[in-house]
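Nothing in this text is a laboratory measurement; each read-out follows from the coordinates by a stated rule. Remember, it's a predicted structure, so these values are computed and weren't measured experimentally. Here Cβ is always computed from backbone atoms with ideal geometry, including for glycine, and neighbour counts include all displayed protein chains.
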Amino acid sequence: MSEETRGDNETSDQAPVSSSLNRRQFLAGGASLLAVSASAALSGVQAEERSEAIDPMHVPGALPRPYGERSPFEKQTRLAAGTSSTTPLQDLQGIITPSALHFERHHNGVPAIDPTRHRLLIHGLVDRPMIFTLEELLRFPSASRIAFIECSGNSRDGWGETHDSTVQALHGLTSTSEWTGVNLTTLLGTAHMQPEATWLLAEGNDAAALARSVPLTDEVLNEAMVCYGQNGEALRPEQGYPLRLLLPGFEGNINVKWLRRLKLGSAPFMTRWETAKYTDLMPDGKAYQFSLVMDAKSVITRPSGQQQLLPDFHEIQGLAWSGRGRITAVEVSVDAGRTWQTARLQEPVLPKCHTRFRLPWKWDGQETIIQSRCTDVTGYQQPTRESLIKIRGTQSSYHYNGIQSWKIERNGLVKNVYV
Amino acid sequence: MPRNALDVLVGGQGSSRTSKALKTIGSYWLYATTLYDYLRRVMPFNAPQSLTPDEIYALVAWLLQQNGIVTEDTVLDARSLPRIEMPNRNGFTPDPRPDVP
């Protein structure tokens with residue numbers, strides 16, 4: 001389906017479609033889509049034998065099934081590259097990322113864990129070292145929140161030379177879920193954490209035995225969770241089944257998956273993942289260490305890289321998020337940054353969470369560049385690429401959050417560019 | 001560095017202020033003990049946690065020797081390893097953000 005058709009489909013309830021040609025194309029396309037969707041939902045041979053022309057109102061539909069699947073017409077997938085895969089941001093609706101499309105990053109594969117054999121150990125600077133089964137953790141008071149998780153290597157291509165790409169490949173290492181579990185402080189209280197404990201080592205049960213040091217700041221103690229739930233069901237294996245740490249707003253890697261151990265200490269443990277990796281090298285040769293919070297970022301997801309536009313009405317849509325709290329404003333420029341318009345934030349707008357923004361726009365067919373920039377509750381405004389690189393150089397690898405620019409060429413093709 | 005390129009382990013000293021920084025054990029790592037910890041957790045990659053402590057110390061010593069940090073006859077153990085001063089020991093600063101005006 002073309003970008004043009006998608007745009008009409010989603011916005012027809014609130015904005016007039018000025019081109020009757022597009023309206024006709026949409027209606028024709030929509031009708032044929034409806035005609036095939038229900039028959040394709042029928043199973044096996046039966047479905048194959050159905051002609052696409054059969055009206056779903058003239059045949060009985062599919063019977064109930066134990067675990068649902070999306071329509072066979074929906075083809076959005078993660079894009080895998082080595083040890084990570086990206087979320088198709090351009091195809092998402094609202095703010096929740098379907099669990100099956102949540103980005104992945106793992107350091108020696110996704111472990112297969114039997115939850116009945118899994119344990120969580122809490123030890124170190126505690127009066128009562130504890131070992132919990134999953135069943136025991138489920139008996140604690142549960143908590144739930146919607147939060148984004150973003151790999152700190154997300155958008156890292158921004159540090160280098162520009163190249164033709166998609167919003168998924170460039171920025172798709174971020175996803176939002178409803179996470180459910182136990183507040184970390186509840187567990188630390190049960191283990192009687194000692195007052196001199198200021199850091200926590202969190203360790204995963206994967207073939208990387210991935211471990212990160214977590215500073216026990218007020219923010220962490222107030223918000224950290226040990227999670228077993230994602231979007232209403234158990235965590236997906238790729239997101240840490242059966243147990244993961246959630247540190248809302250912190251870089252993805254420290255939200256340790258397949259969590260098996262929490263060790264309380266009085267200093268950081270200096271694992272590879274907070275020394276050799278996930279540190280930001282500056283032009284003066286020094287590197288930022290424990291730069292854990294993900295700063296505010298926004299990207300226009302529609303229209304975005306490698307999509308094709310027709311001159312007409314479009315609703316510009318995108319996502320904005322900040323590890324420091326709520327997004328308070330998103331501005332959009334459709335003239336390469338000369339002027340900025342305030343975009344509408346689509347509810348719900350939650351702290352440390354993907355926030356959808358929208359701006360109606362009529363493309364006149366002329367070449368232009370579109371951009372978004374966001375502001376968070378601290379007053380921080382997303383920087384331009386130029387100002388980011390002026391301070392941090394091009395070698396820091398992580399935490400890139402410069403403004404994304406999409407060039408719309410006269411032929412309607414959208415390209416990733418720097419301004 | 002291309003996405004997912006394998007890490008280079010040796011060399012790179014003096015590159016961290018250039019536009020082609022090479023982050024290796026010798027040019028970037030803070031602590032020698034981190035190397036032991038990492039090898040113990042995840043190496044060899046296809047059979048993690050199958051090395052004995054002595055094998056891990058030997059690997060650490062070889063990697064440090066290749067980086068010019070210890071000599072060929074150095075013997076490493078739980079007492080000597082933490083005493084090794086890595087070249088980039090003072091190369092890190094706590095997160096100073098917000099840093100971009």
| What is the distance in Å between the Cα centres of segment A:112-184 and segment A:288-328? | 21 Å
| request: Using only the alpha carbon atoms of the protein assembly as shown, find the Kirkwood hydrodynamic radius as the inverse mean reciprocal pair distance, in angstroms to one decimal. | output: 25.2 Å
| said: Rounded, prolate or oblate, given the Cα gyration tensor of segment A:297-417, with a/c below 1.5 counting as rounded? | reply: oblate
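Assigning unit charges at the beta carbon (Lys, Arg +1; Asp, Glu -1) and nothing else, what dipole magnitude in debye, to the nearest 20, does segment A:188-262 show about its Cα centre?
260 debye
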| request: As a check on your grasp of the helix formula, calculate [θ] at 222 nm for the protein assembly as shown: sum -39500 (n - 2.57) over DSSP H runs of n ≥ 4, divide by the residue count, round to the nearest 500. | output: -5000 deg cm²/dmol
| query | Which residue, B:Gly68, B:Gly14, B:Gly26, has the most motion in a Gaussian network model of chain B that connects Cα atoms within less than 10 Å? | reply | B:Gly14
| field | Spatially proximal aspartates and glutamates relative to A:Lys362 (Cα-Cα < 13 Å; intrachain offsets below 8 disregarded) | value | A:Glu4, A:Asp8, A:Asp312, A:Glu315, A:Asp335
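Looking at segment A:55-96, which trypsin sites (Lys or Arg not before Pro) are DSSP coil and have at most 12 other C-beta atoms within 10 Å of their C-beta?
Those satisfying the criteria are A:Arg70, A:Lys75.
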| So what's the convex hull volume per residue for the Cα atoms of segment A:123-252, in Å³? | 132 Å³
| segment A:130-191: GluC sites (Glu not before Pro) in DSSP loop, at most 10 other beta carbons within 10 Å | A:Glu161
| request: Using label points projected 7 Å from each Cα along Cα→Cβ, tell me how many nm separate A:Thr198 and B:Arg17, to one decimal. | output: 3.1 nm
| request: Could you tell me what percent of the DSSP beta bridges with both partners in the protein assembly as shown are antiparallel, to the nearest 5? | output: 90 percent
| task | Please pull out the direction-averaged projected area of segment B:32-83, using the convex hull of its alpha-carbon atoms, in nm² to one decimal place. | result | 3.4 nm²
